[in-house]
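Report on the structure given below.
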């Protein structure tokens, strides 16, 4: 059976990409195998590790479970798009400062997830550990950060550094 | 401080004596050299190399646990548009024999375990390869399989040695007599499940042939060793093979030896005459990339009324495969932990129809110390002695097994400092009496240990004409911080600043060096690097008046003889792990509210990366205690929960207050850095500390890991409330 | 994965018509968090996907009587963050937040969450038998690994559990599922959407092929402000439930008597398990531990644990009592 190819256009890290994709191609494989953006990682390919986390229209999402063809017109930001030129994104700098990674493989997903988690908290989104669901604002203490970052598995066990890095940005 | 470094006393007599000017590079919390690449996504891992015309391969796993392939129909798979080849044992090129039978891929129709790779599909796209993989029709002649480990298995045998080359059994004195003479004794059996390494980066290779020259970008713990095996498998001069691995997404032992995808990618690339990339899928990793054997361990301890051990016996049952014998050295740490006049250890294996177990972080010490340190806790309770005090009373003067003196032994110092930091004093030993709302609270302690290994390595150091130094060694940085630590070590030896030194590693074209394993990386590579750097410094200063010649200046070093010449001694790292747990009375949920480790690991090269390594090991130990288990289904002979939703590794929310500390430990008998390995000791003892704390909280002694809420649902507060 | 055609529908009728042009294997695509995974595993092999995430079913609107109409496309994260959901139905917000991870909740939709399929390891492994996936092939979970499978309502054909947290809250709240099918629109009351396995475990729900969920209506329940979702799992976060409880309690403040209660269990059955026997036992009973224990026992009398999951009966019992006590004290 012939693959079904579809023309899509989407914006990745501020640049428009226009190409024909196999309908089966995940957003993750589109980035890694077709757009030479290997920052987003394939850790499990089943939505169980979070290494593939990117921002889709500003919200974090598992790129491995997203079909590229379903993202016509979407704005995608990967870890490569976080820094402003030579200057690291503040969360990237905090990751460096707090040694929030070892092997680095989960790191791009952690960073995209962290950037989004900070935005979610600023928007007042509660989490599973938020005591007062009715509150307008949520303070990102360590327990909140741990819960909100639990969709990103780190086998090296860099969690304390990750929490410290996100907390540093939450306090800014 | 530099003048007092242990380097001056190292027995590596061949090392040039000229002491470099102190730079203070060792002991500084330098940020990872490659940090920027890792946080920007610029760091390229194996699968992310994209040669022109690269094709995609996927591997087909066996769906029986034992038997033979009777037929294979690739017609439907070949009809998938874009498919370039389907390879299986009848069509794959022949390989040269290799010691690890797991690498004899597609060489026979024999199936030794479920999930073994039996065919390979190569296609223009990943999508086509995956679809074709599904369409490869394989007929099997299944045979009855036997995959479940049990202590009364008729096939149990004593191996000649256990990993890597320890005797399988030891006996000193008369254990039975020692147990009979004991005032208190325990005889308990502990079980640990199969555990999978599950590094975040799945094993992957991109293979490229240029004539008879083979280049592989590969995810591994040692490019030179992988090159050697590849050359052997393909019958090539090693000089024609290059393995490149600048960034590796974790290994934890599973990338210490070549895995089938390395050979398969190279095989496929040769067949289709194009570069080929192949990654093991996460689910396939449960079968083909190694794991920790399940263990069944009987511990017998006897002690006099003062808690002094009269006998220690540690008898282990574990599994291997029919492909290759791997015998985990589970009882080896017990041979030197505590003094006792009567001691014995044994290992027995059974070769089952299962994947071949292999190294996983602290093989031997990790499961073995869970059992020993749980048993010691049980003995302390039986004897009515504080578990720290009991350990202190059984501190040996020399290694009880070899009779050698210890180069340093920080166990008691770690226990004491840990007790102080953790707040152990005044602990009520009574179990099940501390309530905090709906939860029972308890604390536990366990000892930790890991041997200090060192292997010979080669390295070069080059003074660059434009300034600065380049140091090359075929090392691997799998997240350990090796690149950073070696930069500091080299800078120190050269008397240069860390920003003047560039370390090259992760490439088999660099000087031959051992794999990152056995917590021996820094010691092994560092010894060679120091030797090369000092030689360079001496020549630069002595022959060139400190001025770099126009073509630069290079010095090479080989530490093989230095390592061989080192004085026989008992060289081990030690540590103490403390845990506080809270167990919900209604649900049995266990929270590790505090985990604190203190380690005696020699001189710390980089406190920042060292702390991360130790905390990471402790985190994995916590997962071992409470979460991780690969569940074997005897019906199919495979690990049924083979994904990251079914096999739980610790997530961020599981890790609360976790701290790693170390004692000041100067050990002049190790290596020029005075360092001990830190990659593995963090996981050793953690599970026992947590199990001991769970007992203290609940009164329930769990001897089979992981400790699940199933085990603790029956906890009752001792006060009856 | 088989090649498949992809069509983005513009409205519900268009989606229903588009799917009707496909075979029985054609599927609606929501967030894809379960469907794409199942396609990658080979469990699902659609030749056509109809994307239903752009049908303008993305709003949460008030209903008369204090209820809410939640559009089928509303992402789980948006639903959990919605102010009205948080204030009126805390149990629903908590259930959503206890499910999956932040990045998965951003993808997952209301309808997709309801229709996700069991995470039973045998169902997900196409190299093994499974009556749900391959009719009549057998259920190896009964002899195999079933620690986290069903204790209630299972059959000889299937012992799987439904994995959703949200559905448990919706079952407790008596939500209505609005469905557009080839024959028009109809409403299905929860917990009646999902079905017990019986001898047809391949059917998870009462929906027919082509039916499209367009919304979920949560009827007003003023005392649901006193509700909560409590999930026990093997890991502190990002794991499916071992057992969960969704509960709402209406206590007569003066007399301390339970006027009404809503209770449902997750992780115990092929469906989100509405605990009607427990609710009956609670109505009119004093809001005490004894009543709550009696209610739990009334519900769990029907439990038939498998070889390795008897602990779930005790766990469910304790969790019911604990959650009700917390609500009574709140």
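For the structure I just gave you, tell me whether residue B:33 is surrounded by fewer than 23 Cβ atoms within 10 Å (Cβ to Cβ) and farther than 20 Å from residue B:276 by Cα.
It is true that residue B:33 is surrounded by fewer than 23 Cβ atoms within 10 Å (Cβ to Cβ) and farther than 20 Å from residue B:276 by Cα.
Of (1) away from chain A (no Cβ under 12 Å); (2) crowded, with 24+ Cβ neighbours inside 10 Å; (3) not in a strand (DSSP E or B), residue B:623 satisfies all except one. Which?
Against the list (1) away from chain A (no Cβ under 12 Å); (2) crowded, with 24+ Cβ neighbours inside 10 Å; (3) not in a strand (DSSP E or B), residue B:623 comes up short only on (1).
What is the number of the single condition among (1) in contact (Cβ under 8 Å) with a residue 24 or more places away in the chain; (2) surrounded by fewer than 24 Cβ atoms within 10 Å (Cβ to Cβ); (3) away from chain B (no Cβ under 14 Å); (4) out of contact with any strand residue (DSSP E or B) (no Cβ under 6 Å at 6 or more places or on another chain) that residue C:322 does not meet?
The one condition residue C:322 does not meet is (3).
One residue is enough: does the range B:474-494 have a residue meeting the conditions assigned by TED's automatic domain parsing to the domain that holds residue B:546, surrounded by fewer than 24 Cβ atoms within 10 Å (Cβ to Cβ) and assigned to a strand (DSSP E or B)?
no
Residue C:155 is checked against (1) within 14 Å of chain B (Cβ to nearest Cβ); (2) more than 24 Å from residue C:261 (Cα to Cα) and fails just one. What number does that condition carry?
Result: residue C:155 passes all but (1).
Within the range A:95-105, can you find the residues that are surrounded by fewer than 24 Cβ atoms within 10 Å (Cβ to Cβ) and part of a helix (DSSP H, G or I)?
Across the range A:95-105, the qualifying residues are A:96, A:97.
Within the range C:299-319, track down each residue that is facing chain B (nearest Cβ under 10 Å) and not in a helix (DSSP H, G or I).
C:308, C:309, C:310
Just to be sure before I move on: is residue B:661 away from every other protein chain (no Cβ under 12 Å), surrounded by fewer than 24 Cβ atoms within 10 Å (Cβ to Cβ), assigned to a helix (DSSP H, G or I) and in contact with a helix residue (DSSP H, G or I) (Cβ under 8 Å, 6 or more places away or on another chain) in the structure I sent?
no
Checking residue C:56 against (1) surrounded by 22 or more Cβ atoms within 10 Å (Cβ to Cβ); (2) on the phi > 0 side of the Ramachandran plot; (3) more than 12 Å from chain A (Cβ to nearest Cβ): exactly one of these is not met. Which one?
Unmet condition: (1).
Among the listed residues B:83, B:98, identify the single one that is more than 30 Å from residue A:165 (Cβ to Cβ) and without any contact (Cβ under 8 Å) to a residue 60 or more places away in the chain.
On inspection, the qualifying residue turns out to be B:83.
Please find, among C:198, C:184, the residue that is over 30 Å from residue C:329 (Cα atoms) and modelled with pLDDT under 95.
Of the residues listed, the single one that is over 30 Å from residue C:329 (Cα atoms) and modelled with pLDDT under 95 is C:184.
May I ask you to say which residue of B:208, B:126, B:135, B:156 is more than 24 Å from the chain's Cα centre (by Cα) and within 30 Å of residue B:686 (Cβ to Cβ)?
None of the other options fit; the residue is B:156.
Just to check your reading of the model, which residue among B:568, B:550 is away from chain A (no Cβ under 14 Å), assigned to a loop (DSSP other than H, G, I, E, B) and under 25 Å from the mean Cα position of the chain (by Cα)?
None of the others qualify; the one that does is B:568.
Out of curiosity, is residue B:357 under 23 Å from residue B:163 (Cβ atoms) and buried (at least 20 other Cβ atoms within 10 Å of the Cβ)?
Here the answer is yes, as residue B:357 does meet what is asked.
For the list (1) crowded, with 24+ Cβ neighbours inside 10 Å; (2) outside any loop (DSSP other than H, G, I, E, B), I need the number of the one condition that residue B:344 fails.
The failed condition is (1).
For residue C:127, state whether it is surrounded by fewer than 20 Cβ atoms within 10 Å (Cβ to Cβ), in contact with a strand residue (DSSP E or B) (Cβ under 9 Å, 6 or more places away or on another chain) and assigned to a loop (DSSP other than H, G, I, E, B).
Yes; evaluated as a whole, the condition is true for this residue.
Do we have residue B:618 as in contact with a helix residue (DSSP H, G or I) (Cβ under 6 Å, 6 or more places away or on another chain) and either more than 8 Å from every other protein chain (Cβ to nearest Cβ) or assigned to a loop (DSSP other than H, G, I, E, B) (or both) here?
No, not satisfied.
Would you check if residue C:296 is surrounded by 20 or more Cβ atoms within 10 Å (Cβ to Cβ), out of contact with any strand residue (DSSP E or B) (no Cβ under 8 Å at 6 or more places or on another chain) and within 14 Å of chain B (Cβ to nearest Cβ)?
Spelling it out, residue C:296 is indeed surrounded by 20 or more Cβ atoms within 10 Å (Cβ to Cβ), out of contact with any strand residue (DSSP E or B) (no Cβ under 8 Å at 6 or more places or on another chain) and within 14 Å of chain B (Cβ to nearest Cβ).
Quick check on my filter: what residues within the range B:111-128 are more than 14 Å from chain A (Cβ to nearest Cβ) and part of a strand (DSSP E or B)?
Those that are more than 14 Å from chain A (Cβ to nearest Cβ) and part of a strand (DSSP E or B): B:111, B:117, B:118, B:119, B:120, B:121, B:122.
Condition check ((1) assigned to a helix (DSSP H, G or I); (2) at pLDDT 95 or above) across all residues:
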position: B:414; (1), (2): yes, yes
position: B:430; (1), (2): no, yes
position: B:454; (1), (2): no, yes
position: B:466; (1), (2): no, no
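I'm told residue B:420 meets every condition in (1) over 20 Å from residue B:449 (Cβ atoms); (2) under 26 Å from the mean Cα position of the chain (by Cα) except one. Can you identify the failing condition by its number?
Of the numbered conditions (1) over 20 Å from residue B:449 (Cβ atoms); (2) under 26 Å from the mean Cα position of the chain (by Cα), the odd one out for residue B:420 is (2).
Every residue, every condition in (1) crowded, with 22+ Cβ neighbours inside 10 Å; (2) in contact (Cβ under 8 Å) with a residue 40 or more places away in the chain; (3) closer than 14 Å to residue C:117 by Cα, yes or no:
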| site | (1), (2), (3) |
| --- | --- |
| C:136 | no, no, no |
| C:151 | yes, yes, no |
| C:158 | yes, yes, yes |
| C:185 | no, no, no |
| C:188 | no, no, no |
| C:210 | no, yes, no |
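Can you name the condition, by its number, that residue C:40 falls short on among (1) away from chain A (no Cβ under 14 Å); (2) in a helix (DSSP H, G or I); (3) surrounded by fewer than 22 Cβ atoms within 10 Å (Cβ to Cβ)?
(1)
Could you grab me the full set of residues in the range B:691-714 that are under 26 Å from the mean Cα position of the chain (by Cα) and within 14 Å of chain C (Cβ to nearest Cβ)?
Matches in the range B:691-714: B:702, B:704, B:705, B:706, B:707, B:708.
The values are calculated or read from the model by the stated rules, or taken from the named source; none is laboratory data. What you see is a predicted model, and the numbers here were worked out from it, not measured in a lab. In this analysis, Cβ positions are derived from the backbone assuming ideal geometry, glycine residues included, and neighbour counts consider all displayed protein chains.
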